[in-house]
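So the structure is just underneath, and the comments pick up after that.
The values are calculated or read from the model by the stated rules, or taken from the named source; none is laboratory data. None of the values given here were measured: they were computed from a predicted structure. Cβ placement follows ideal geometry from the backbone for every residue including glycine, while neighbour counts extend to all protein chains displayed. To get the accessible areas, we keep the full protein, side chains included, count just its heavy atoms, and leave off ligands, DNA and RNA. Shrake-Rupley method; radii C 1.70, N 1.55, O 1.52, S 1.80 Å.
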Amino acid sequence: MARVSQEHLDARRRQILDGAARAFARDGFHGTSMQDVLKEVGLSAGAVYRYFSGKEDLIAAIAGEAVGGVRQAFEQASRDSPPPTPDVLIGRVVRSLFGDGTDRAGGLDRRAYAGLIVQVWSETLRSERLSATLGEAYAGLRVAWAELVGAYRAAGVLTADVPDEHVARTLIAVAQGYIAQLAMFGDVGPEVLESGLRGLMSMDLQKIS
């Protein structure tokens, strides 16, 4: 019996995830059955269940990819010297998820992919397993972003006496807010976020206090 290469296994797994992403984006998690996923990917039940035990496995894998993409972008930024300013940083992160993106799950357009991510978030309110999976992923994300905040301090550009994790959570919230707006309204590009952050960063706080 011929041995199946790892490259083939990875390609098949990618095919299944992409098909599931298209089905979920089109009909929602609860409106999509495993039979719908099988039809979308054009594979037998046995071929799909070899990789994923069911919808929740598929949802968790799609969620993990999205979080992993954000974390990777921030880890790369934390290695830059000097670290990029928040406007550049957040712009880089959202572009890594939604920019040119032919490699987004299922080849989805930006708005559809953002909607898929928002679906994942809402599903954590129902699924304890998915909530735990994403909770662990976001804990790792906060660590990566807190390291970046530490790089800001080391470079002498962040002097406020606030915990690094608080700043990290705020940066995460900005990225999450962008995803939510893109999913709901579809009329916001990374350049809007970058411009808005630059405006906030230009405030003369001495005149306010």
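Quick one: is E75 within 15 Å of the chain's Cα centre (by Cα), more than 27 Å from E191 (Cβ to Cβ), surrounded by fewer than 17 Cβ atoms within 10 Å (Cβ to Cβ) and among the acidic types (D, E)? Judged against the criteria, E75 is not a match. Looking across the range 149-187, just one residue is outside any helix (DSSP H, G or I), of a type in the set (A, V, I, L, M) and surrounded by 13 or more Cβ atoms within 10 Å (Cβ to Cβ), and that is L158. In a loop (DSSP other than H, G, I, E, B) and either aliphatic (A, V, I, L, M) or farther than 22 Å from G28 by Cβ (or both) - does that describe any residue in the range 69-76? No, the range 69-76 contains no residue that is in a loop (DSSP other than H, G, I, E, B) and either aliphatic (A, V, I, L, M) or farther than 22 Å from G28 by Cβ (or both).
Look at the range 125-138: where a residue is closer than 14 Å to I62 by Cα and open to solvent by less than 50 Å² (accessible area, probe 1.4 Å) and a partner is among the charged types (D, E, K, R) and in a helix (DSSP H, G or I), sitting 6+ places away or on another chain with Cβ atoms under 8 Å, you get L130/E56; L130/E123; A137/R71. Of all positions in the range 82-93, at least one carries a residue that is among the acidic types (D, E), outside any loop (DSSP other than H, G, I, E, B) and surrounded by 14 or more Cβ atoms within 10 Å (Cβ to Cβ). Consider the range 188-202 and keep the residues that are of a type in the set (A, V, I, L, M, F, W, C) and either modelled with pLDDT of 90 or more or within 20 Å of R153 (Cβ to Cβ) (or both). The one that is most open to solvent (accessible area, probe 1.4 Å) is L200. Search the range 188-209 for residues being polar (S, T, N, Q) and in a helix (DSSP H, G or I), and hand back the single one that is farthest from R95 (Cα to Cα). Out of the qualifying residues, it is Q206.
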